[in-house]
Amino acid sequence: MSRTAQDVLEFDKLRELLRQRTTCALGRRVIDRLEPSTVRDSLVAVFSLISEAQQWLRAARELGFGGVSDPQFWLAQIEGPGAVLEAKEFLAAATLLETANWLRQQFREEAGTFRLLAEKTTALPDFRELLTAIRRAILPTGEISDEASTALRRIRVSISQTRDAVQKTLKQILRMRNAEAGEDYVTLRNDRFVIPVRAENRRSIPGVAHGASATGQTVFMEPLETVEVNNQLVQLAEEESAEIIRILRDLTERLQRVRDPLVTAAETIAELDSVFARARFAQEFDAIIPEFSESNELRLEAARHPVLEDKLRRENRAIVPMTLALRTPNSRLASASSETSPPVPEENAEAERVLVISGPNTGGKTVALKTTGLAALSAQSGIPVAAQRAVLPLFDRILVDIGDEQSIAADLSTFSAHMVNLRTMLELATPQSLVLVDEMGTGTAPEEGAALAVALLEEFRAKKCIVLATTHHDRLKTYASTTPGIVNAAVEFDDVNLRPTYRLMVGVPGGSSGIAIARRLGIPEAIIERARALLAPETLEAADLIAYLHRSRDELDRMQHQMAAERAALEAERAKLRTEWVDRQKNRIRELESQFAEMQKRFDENVARVVEAVKERELRSTLERSARKKIQDVRGEAREALNAAVVQTISESQADLGVPSSSAQGISAAQLVPGTKIRVRGFAKPVILRRIEGPTAEIEAGPLRMKVAVSEITSVETPPAEATSAAARRAGANVTVQSQSAGSAPAGEINVIGMRVEQATELVDKYLDQAALARRPRVRIIHGHGTGALRRGLAEFLKGHPLVERTAFESEDHGGKAITVVELRS
């Protein structure tokens, strides 16, 4: 084949689109070297990097290397011994060192989010010391800094002083001679300071002549008084040059010692620049990361040829996406009309490996081939594919016969050139190959061409490679319709406006529409009618059948779009009803909460008034404790009633949400172990079962405890064995006060470790009542260290307790801040 697949499919133009999105020469060289690969792991790794780069760009951040000069030349220079770089080359090296140091820090703080990018950059060496040395020695202008070395600074100070001395001497000579205008200045000739003297007066100044002006009227003289000083200047300049060379040689040697790390840094920058160029391409062309099929599945959804799309964009025109798929025994054909198709039984399915595309000229058949081929080249070269989804095998080679291959020099006609191409393709094809053939069987008699095309497709099919072929031959369309593993496809033609739509329809053949196109292009109607009359009856019948299939396909597509729109409308209505229901329930719950709070407030006020009316102190204290206990009991019962009402409200309204009714039927009593995670109707998340009390169950949902009917439990989340062990662990962690027999004194301490603040304060309150009745002067509350929340909650509670005189922590050797000692009022 005279042209490679990459040439025909315009792969280099795709690389040019990527080159335009790089930021440095290093990245452009990587793009230029992109070639298809069959190594799945390396491709997956590259696309993972590109995916992270896309994520970086989506966060409105950039990563560019526009300031990095191409290091290729100076890196090659320092490879051998004895090299000395120039100052401007050190500036280029400094940009590489600076960029490498910057990259080391760039992803360090976000290594969790950008793991792969961080791995690439944090492995770079630290070049800060060498960078500082270069920046100190070389000024941004490319000159050597006075700070490059102590010797250079000393030499330059001497040069400055000597230059001032010689100029001062020469100016004195000029003043003594009363030099005329135009001859009263000091200048340089042959690196020596001189003064201008008229030619006729040259003998008036003893010294050395260093040339004359262009007219010869002026001679530049170096007086004898300044010869020695000029000699010193020349010597100092030589010393300066020697010191500069020494400095540059020293810096070069330091670069040579880290040459390998420098090469690694350059390669990392090059790779990242190419990765971000591909990420920018994906962002601008809505390209995606391809999936590599292990079952030879080929699926492209809304695929586009990016080179063509770029051209059409510049012309303010839109490209028509293409969708095609070839089903394998492990996958189903995914085309626009396959969503509602019945699944093909896998045991009877044969892999579809050949797609025959037919339709009118200029309808997009060749573009379909090129789009598929370029998608495969892109995916295997680590370039995102311009599509909504791309599932592709890893092809060992892509074989292409597209375009006019006529060659006068080789004495080949178009037909002969195609046959030579196809012969070579047959020799190279394997089951892992992609074959793209345009206009099979053209260039010879239609009958012979169609027969050859069928025979060639049979041979490619026998080799089990994937083939996409375009044709105008009706025989090939019939062959595709009746042969397992071969699928028809058509590029759509608008019969009303008599123009192609460029849409690919898989599953139906296409008509050539040559007569219709001729009519649109202005061929006289009489000729059009005569041409139709000359068509064979079977040709007309086939054209009518194809038109009927297309109309049926269009109707099916219309129905599917309508169904999709109706489904979307139903989902939107359901979401609206769900939102309205949730709002209603929230309002009802808020109303219940408000009523409960108002009742509680009135109850508290009434109790306070009754207690306040009691004058006798001891009786009043007893009433306060009794009332407080009663209030807590009433509050608990009211809260449980409120929670039950909330749950009941939610349960009764489940039908509004479309949630099916369920109950605890099928859940055995053995499964309802305290500590088990269970599902309760009306709760979006699992809750914890605390205990079963007859027909009711106490549950815990976050900080909330409530009672619900056992019938409201819909399922058990935690297996019983796990729940039992969890309950046992909790039982071991929570130690509570043992119940006392009536009249017996309470223990001198209470352990509330592991309890919530609300639960602990309730127990401590009861315990303090018992301790006061038993006339204990002091008690200990063991709450542990923990997070400190329980200790602080108890301290706040004890601060306002009427029975508490004062509190303090236990001594360090007896527990410290893990134990609070309470002194009770006598």
Using the Karplus curve 6.51 cos²θ - 1.76 cosθ + 1.60 with θ = phi - 60°, work out ³J(HN,Hα) for each residue of the range 6-17 in order, rounded to whole Hz, and write x for Gly and Pro.
5, 5, 5, 8, 6, 5, 5, 5, 5, 4, 5, 4
Sorted by packing (mean other beta-carbon atoms within 10 Å per residue), highest first, where do 5-16, 795-806 land?
5-16, 795-806
Solvent-accessible area per residue for the range 1-74 at a 1.4 Å probe radius, Å²?
49 Å²
Links that overshoot a 19 Å alpha carbon limit, given the list Lys586/Lys677; Lys88/Lys120; Lys677/Lys707; Lys601/Lys766; Lys766/Lys799
Lys586/Lys677; Lys88/Lys120; Lys601/Lys766
Please compute the length gained on full extension between Glu593 and Gln55, using 0.36 nm multiplied by the number of residues separating them and subtracting their Cα-Cα distance.
189.1 nm
Rounded to whole Hz, the Karplus (6.51, -1.76, 1.60) HN-Hα couplings of the range 676-681, x for glycine and proline:
6, 7, 10, 9, 10, 4
Residues meeting the amide H criterion for Leu824 (H placed from the backbone, H to H distance under 5 Å, 5 or more places apart or on another chain) are Arg778, Val779, Glu805
Mind ordering 753-765, 60-72 by average Cβ neighbours within 10 Å, highest first?
753-765, 60-72
Going Cα to Cα from Lys365, which lysines come in below 26 Å? Please leave out same-chain ones fewer than 8 positions away.
Lys13, Lys311, Lys463, Lys464, Lys477
HN-Hα couplings for the range 818-826 via Karplus (6.51, -1.76, 1.60; θ = phi - 60°), in whole Hz with x for Gly/Pro, come out as 7, 9, 9, 9, 10, 9, 8, 6, 7
Enumerate the amide H contacts of Val680 below 5 Å, restricted to partners 5 or more residues apart or on another chain; note that Pro and chain-start residues carry no placed amide H.
Val687, Thr714
Judged on accessible area alone, 1.4 Å probe, highest first, Lys766, Lys685 line up as Lys685, Lys766
Given a Förster distance of 41 Å, the FRET efficiency implied by the Cβ-Cβ spacing of Gln585 and Glu693, rounded to the nearest 0.05, works out to 0.95
Can you list residues whose amide H is under 5 Å from Gly675's amide H, if they're 5+ apart or on another chain and H is modeled 1.01 Å from N?
Leu689, Arg690
Where does each of 424-430, 83-89, 313-319 land if you order them by average Cβ count within 10 Å, highest first?
83-89, 424-430, 313-319
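The values are calculated or read from the model by the stated rules, or taken from the named source; none is laboratory data. All values reported here derive from a predicted model rather than from experimental measurement. When we count neighbours, we look across all protein chains shown, and the Cβ atoms used for this are built from the backbone with ideal geometry, even at glycine. Note: areas computed on protein heavy atoms with side chains; ligands, DNA, RNA excluded. Shrake-Rupley method; radii C 1.70, N 1.55, O 1.52, S 1.80 Å.
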